[in-house]
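Novice: Starting off with a structure, shown below.
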Amino acid sequence: MHILVVDDELEIADLIQIYLENEGYVVYKYYNSKSVLTDLKHLKIDLAILDVMMPEVDGFSLCRKIRENYNFPIIFVTAKIEDIDKISGLALGADDYITKPFQPLELMARVKAQLRRYTKYNSTIQDENTISFRNIYMNKAAHEFYLNDVLIDLTPIEFSILWYLCENRGQVVKTDTLFMEVWKEQYYEKDNNTVMVHIRHLREKMHDTTKHPKYIKTIWGVGYKIEK
C-alpha cells in the first residue's frame, strides 16, 4: 500500500519513512505541502500522515484540499496538544491524531488500524497483498492476520493455508490442491492428515468449530471451503 508522509522536520519524516518501508509500504515523502498539492493527482495514496505546523500551507489546509477529492485515511502528527487542535483536525476530515514526541511503533499501529478499517469498507483499494471480508483482514507483505480487529499469530504454513482459502472463497479447494499450493510438493494420501492437523490448529486460533464452522468448512471427501 502507498503512504503519503508530509512533515517539514526532516528527521521525523525520514524516521517515519524507515518504519513504514520496514512494514512493506511504499512511501511518498514530502517536506512541504505545496509540492504535495502539485503532485497529488498523480499519486496513488491509501493513507496520509500530515504534520500540522508547516510553513506556507499547514496540515489543516492540506487536509481540507485533500478532502475535496479523496477519502483515504488521514493521520495528523503535531506538537500541539490542545483539545481545540484535535477537534479542528478531526472536523476537517482527519481520522486520527498523534502528538510529538511519539513512539514510532504506536504510529505504525495506528496506520495499520486505519488501513484495516478503510480496506474493509472500500474493497476497491485491495491489492495483491491484502484480503478483507467478513471481519477477516490479511496482509501478505506484513504477514498479518486480523479477525474482528484482533491480531492473531499464525505460522507461515497456517497463514498460507488461510490465504489460499480466502483467495478462493466461495469455492471448494481440494485437499490435494491445497497441499501442493502451500507445501509446493507432490501430494500423497498420507498428506491428508498433515492438512487436517493444520486446519484444526487454524480453527482453534479462529475460535471456529468443525460442527458449526463460521469460516472454514470441511467438504468431506473433497476438501475445504470458506464462504464469501
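Novice: Confirm whether E185 is in a helix (DSSP H, G or I), at pLDDT 80 or above and among the acidic types (D, E).
Specialist: It is false that E185 is in a helix (DSSP H, G or I), at pLDDT 80 or above and among the acidic types (D, E).
Novice: Looking at I75 and the list (1) modelled with pLDDT of 75 or more; (2) in a loop (DSSP other than H, G, I, E, B), which single condition is not satisfied?
Specialist: Among (1) modelled with pLDDT of 75 or more; (2) in a loop (DSSP other than H, G, I, E, B), the lone unmet condition for I75 is (2).
Novice: Related question: Quickly run through the stretch 97-119 and pick out the residues that are assigned to a helix (DSSP H, G or I) and open to solvent by less than 40 Å² (accessible area, probe 1.4 Å).
Specialist: P104, L107, M108, V111, K112, A113, Q114, L115, R116, Y118, T119, listed by residue number.
Novice: Right, next: Of the conditions (1) part of a helix (DSSP H, G or I); (2) under 16 Å from K225 (Cβ atoms); (3) touching an Asp or Glu at 6+ places or on another chain (Cβ under 7 Å), R169 fails just one. Which one is it?
Specialist: With (1) part of a helix (DSSP H, G or I); (2) under 16 Å from K225 (Cβ atoms); (3) touching an Asp or Glu at 6+ places or on another chain (Cβ under 7 Å) applied to R169, the lone miss is (1).
Novice: Is it the case, given these coordinates, that A141 is small (G, A, S), surrounded by fewer than 17 Cβ atoms within 10 Å (Cβ to Cβ) and at pLDDT 90 or above? Let's see the steps before the verdict.
Specialist: Values: small (G, A, S): yes; surrounded by fewer than 17 Cβ atoms within 10 Å (Cβ to Cβ): yes; at pLDDT 90 or above: no.
When the stated conditions are applied, A141 does not pass them.
Novice: Of all residues in the stretch 188-209 being open to solvent by 50 Å² or more (accessible area, probe 1.4 Å) and of a type in the set (K, R), which is modelled with the lowest pLDDT?
Specialist: K190
Novice: Right, here's the next one. Restricting to the stretch 46-68, what's the tally of residues that are more than 15 Å from I16 (Cβ to Cβ), within 22 Å of the chain's Cα centre (by Cα) and of a type outside the set (D, E, K, R)?
Specialist: So the count comes out to 2.
Novice: While we're on this one: Please find, among K65, K44, the residue that is more than 16 Å from Y97 (Cα to Cα) and part of a loop (DSSP other than H, G, I, E, B).
Specialist: K44
Novice: Is it the case, given these coordinates, that H212 is open to solvent by 30 Å² or more (accessible area, probe 1.4 Å) and under 26 Å from the mean Cα position of the chain (by Cα)?
Specialist: no
Novice: Continuing with this model, one more query. For the subset of the stretch 19-34 comprising residues that are open to solvent by 70 Å² or more (accessible area, probe 1.4 Å) and touching a strand residue (DSSP E or B) at 6+ places or on another chain (Cβ under 9 Å), which member is farthest from N139 (Cα to Cα)?
Specialist: Out of the qualifying residues, it is Y31.
Novice: Please enumerate the residues belonging to the stretch 127-166 that are out of contact with any His (no Cβ under 7 Å at 6 or more places or on another chain) and within 16 Å of K217 (Cβ to Cβ).
Specialist: Listed by number, the residues that qualify are F133, R134, I136, L162, Y164, L165, C166.
Novice: For the stretch 144-182, what are the residues that are of a type in the set (K, R) and modelled with pLDDT under 95? Steps first, answer last, please.
Specialist: Going through the stretch 144-182, the residues of a type in the set (K, R) turn out to be 169, 174.
Once the filter is applied, which keeps residues that are of a type in the set (K, R) and modelled with pLDDT under 95, the stretch 144-182 yields only R169.
Novice: Test E158 against the stated conditions and say whether it is closer than 23 Å to A142 by Cβ, in contact with a Lys or Arg (Cβ under 9 Å, 6 or more places away or on another chain), not in a loop (DSSP other than H, G, I, E, B) and not hydroxyl-bearing (S, T, Y). It would help to see each step written out before you state the result.
Specialist: Numbers: closer than 23 Å to A142 by Cβ: yes; in contact with a Lys or Arg (Cβ under 9 Å, 6 or more places away or on another chain): yes; not in a loop (DSSP other than H, G, I, E, B): yes; not hydroxyl-bearing (S, T, Y): yes.
The answer is yes for E158.
The values are calculated or read from the model by the stated rules, or taken from the named source; none is laboratory data. Predicted model, so just to flag it, every value in this text is computed and none were measured. A quick note on method: Cβ atoms are made from the backbone with ideal geometry, for glycine too, and the neighbour counts reach across all protein chains shown. Just so you know, the surface numbers come from the protein's heavy atoms only, side chains and all, with ligands and any DNA or RNA stripped out. Shrake-Rupley method; radii C 1.70, N 1.55, O 1.52, S 1.80 Å.
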